[in-house]
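As structure tokens, the structure follows; a few thoughts come after it.
The values are calculated or read from the model by the stated rules, or taken from the named source; none is laboratory data. Keep in mind that this is a model prediction, so the values were computed, not measured. Please note: Cβ atoms are built from the backbone with ideal geometry, for glycine as well, and neighbour counts cover all protein chains shown.
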Amino acid sequence: MYDIIIIGGGPAGLTAATYGRRAGKSVLVIEKNAFGGQITWSPKVENFPGFLSISGTELGDKLLEQAMEQGAEVELEEVSSLSLEDEVKTVHCLSGAAFQGKTVIIATGARPKPLGLPGEEELVGSGVCFCAVCDGAFYKDQDVAVAGGGNSALQDALLLSEKCRKVTLIHRRDSFRGEARLVEALRQRSNVDFMLDTRITGLLGEEQLRGIVVEHGGESRELLVTGLFVAVGHEPDLGAFSALVELDSRGYAVAGEQCLTRTPGVFVAGDCRSKTVRQLTTAAADGTAAALAACEWLDA
Ligand code: NAP
């Protein structure tokens, strides 16, 4: 049985693993997809202390290497549920595997939000994408659109402008939520167009995206693109744990700075926690607080 099982191998989970190990606890990190989490989708990270500029995948690799160097064990599994019996917490995985721990830190992050358009789900992977780093190369020399006005959309548009013939950045308001420096960099690119105050109202194509319908000032028109990169924020996925943690109105886990949930021995850290600032640094901070709270709970 592990002292601490961490569900989610992003910056919050891997930081928690490092802190747990340094406190002498046995630690298992379970990740369903890619260690490093969402950050592995960022081509360039320039706001993580200590690094002038580093790719998201490299930063993810470094976080994993650090946790493993400290002795954390890792598993690639998708967790389906968490059950409690006396003091023992059992983490069940889709594969049928199960792991037991004295404490659990839920650090499952958040997943990309869709636009919610008819046909969107069916076109994922056939023109509709959520990750420019992963899929951008498939759209080399093609015309694409990016939806959103936050840092993810701005970074996606920048990255795509290096590969694609034309990138149209579509945002529902007239000002961006993301950093001004990124907006300025985009304005310097001759193959980037901005469509502000514009909504995407439809997708064209059944098996393969061939365009989108946009609405601006009450008028609709078609824009022919082969790729639509959706970067309109994230939503948490805490369904498997909803009986053990309190959720806010947007589905994020309610927990204070110490990351305690209403279930003794179960903690929550990172982007899946209800809070106002979701950054790499705040995810790492949560991982620290949750690991130390778990150690305190184990030592009590
Ligand atoms: P975000 O900052 O929440 O931005 C989401 C954007 O999508 C907003 O501009 C929002 O519009 C728009 N949007 C939301 N729902 C929409 C809908 N249904 N239709 C059309 N547009 C919609 O999300 P994010 O860009 O994914 O960033 C999340 C966090 O990660 C942020 O704190 C960001 O700074 C951080 N981040 C950091 C880096 C880095 O390099 N360090 C990279 C990426 C992201 P409104 O503005 O009108 O609400």
Unmet requirement for Trp297, which otherwise passes all of (1) aromatic (Phe, Trp, Tyr); (2) more than 16 Å from the ligand (Cβ to nearest atom); (3) touching a helix residue (DSSP H, G or I) at 6+ places or on another chain (Cβ under 8 Å): (3)
Members of segment 34-56 found to be surrounded by fewer than 17 Cβ atoms within 10 Å (Cβ to Cβ) and without any contact (Cβ under 8 Å) to a residue 24 or more places away in the chain, listed by number: Glu46, Gly50, Phe51, Leu52, Ser53, Ser55
Members of segment 76-105 found to be within 19 Å of the chain's Cα centre (by Cα) and assigned to a strand (DSSP E or B), listed by number: Leu76, Val79, Ser80, Ile105
Breaking point among (1) hydroxyl-bearing (Ser, Thr, Tyr); (2) within 9 Å of the ligand (Cβ to nearest atom); (3) at pLDDT 95 or above, for Ser152: (3)
Residue within segment 103-112 that is charged (D, E, K, R) and modelled with pLDDT of 95 or more present: no
Residue, surrounded by the fewest Cβ atoms within 10 Å (Cβ to Cβ), within segment 109-133, restricted to residues that are in a strand (DSSP E or B) and near the ligand (Cβ under 9 Å from one of its atoms): Pro112
Members of segment 16-45 found to be more than 16 Å from the chain's Cα centre (by Cα) and part of a helix (DSSP H, G or I), listed by number: Ala16, Ala17, Thr18, Tyr19, Gly20, Arg21, Arg22
Residue list for segment 142-194, filter: surrounded by fewer than 18 Cβ atoms within 10 Å (Cβ to Cβ), more than 23 Å from the chain's Cα centre (by Cα) and within 17 Å of Leu228 (Cβ to Cβ): Gln142, Lys163, Arg165, Lys166, Asn191, Asp193, Phe194
Out of Ala285, Ala255, Ala291, sole residue that is among the small types (Gly, Ala, Ser) and touching a strand residue (DSSP E or B) at 6+ places or on another chain (Cβ under 6 Å): Ala255
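Rundown of residues vs (1) assigned to a loop (DSSP other than H, G, I, E, B); (2) closer than 30 Å to Thr103 by Cβ; (3) over 27 Å from the mean Cα position of the chain (by Cα), yes/no style:
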position: Glu206; (1), (2), (3): yes, no, yes
position: Glu215; (1), (2), (3): no, no, yes
position: Ser220; (1), (2), (3): no, no, yes
position: Phe229; (1), (2), (3): no, no, no
position: Val232; (1), (2), (3): yes, no, no
position: Ala240; (1), (2), (3): no, yes, no
